[in-house]
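I have placed the structure first, in the form of structure tokens, so that the comments after it can refer back to it.
The values are calculated or read from the model by the stated rules, or taken from the named source; none is laboratory data. Just so we're clear, the structure is a prediction, and the values are computed from it rather than from any experiment. Backbone-built Cβ (ideal geometry, glycine too); neighbour counts: all protein chains shown.
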Amino acid sequence: MTTLTFEDFKPGHFGTFGPRHVSREEILAFAAEFDPQPMHLDETAAKASMLGGLSGSGWHLGSLMMGMLFDGFIGRTESLGSPGVNELRWMSPLRPGDDLTLDVEVSEARVSNSRPETGIVTFKASARNAAGVTLCELVSPIIVRRRAGAAA
């Protein structure tokens, strides 16, 4: 398996990952432990909410996206971590039975001024369901090691 370095990330479409099926049971389990709001745990309360039915936590969706990013490419990238998330937008509810696909684009790639042996790659990831509805958008940089000799 190829290890990806900073030089492998050029601005533009990077890849599409998934699908990742989301079950009702995992929505309930995540909510029970991390986000026990009624619209994530109780069908009746969820129907009465502005979401109109049981929905997964936005934090669950963000976690699923991170897993898909890792499985898709970060797990084989010379990543040194991330300074944080620039933007996270929940746009439509995650529903039981959704099949998620993740579209990833490199919005920026630049060599670090303070650590020229690394670069900062900013990704925009969009999660959508099988109907093509965008559920979440994430913009986040990661710090990536450059190829040996690239910083010289």
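Would you call residue 81 loosely packed, with under 14 Cβ neighbours inside 10 Å and modelled with pLDDT of 95 or more? Yes. Report yes if residue 132 is out of contact with any Ser or Thr (no Cβ under 8 Å at 6 or more places or on another chain) and on the phi > 0 side of the Ramachandran plot, otherwise no. Against the criterion (out of contact with any Ser or Thr (no Cβ under 8 Å at 6 or more places or on another chain) and on the phi > 0 side of the Ramachandran plot), residue 132 qualifies. A residue that is in a loop (DSSP other than H, G, I, E, B), exposed (fewer than 15 other Cβ atoms within 10 Å of the Cβ) and touching a Gly at 6+ places or on another chain (Cβ under 8 Å) can be found somewhere in region 22-35. Being out of contact with any Ser or Thr (no Cβ under 6 Å at 6 or more places or on another chain), in contact (Cβ under 8 Å) with a residue 60 or more places away in the chain, among the charged types (D, E, K, R) and under 15 Å from residue 137 (Cβ atoms) is a condition met by at least one residue of region 93-106.
How many residues, within region 1-21, are of a type in the set (Ser, Thr, Tyr) and either crowded, with 17+ Cβ neighbours inside 10 Å or not in a loop (DSSP other than H, G, I, E, B) (or both)?
2
Pairing each residue of region 21-40 that is of a type in the set (A, V, I, L, M) with any residue that is surrounded by fewer than 13 Cβ atoms within 10 Å (Cβ to Cβ), provided the two are 6+ apart or on different chains, yields C-beta distances under 8 Å for 22/97.
For region 116-152, a tally of residues being free of Cβ contacts under 8 Å to residues at least 24 places away in the same chain and exposed (fewer than 15 other Cβ atoms within 10 Å of the Cβ) returns 5. Quick check, is residue 7 within 30 Å of residue 111 (Cα to Cα), acidic (Asp, Glu), touching a helix residue (DSSP H, G or I) at 6+ places or on another chain (Cβ under 8 Å) and at pLDDT 95 or above? Considered against the rule, which asks whether it is within 30 Å of residue 111 (Cα to Cα), acidic (Asp, Glu), touching a helix residue (DSSP H, G or I) at 6+ places or on another chain (Cβ under 8 Å) and at pLDDT 95 or above, residue 7 comes out as no.
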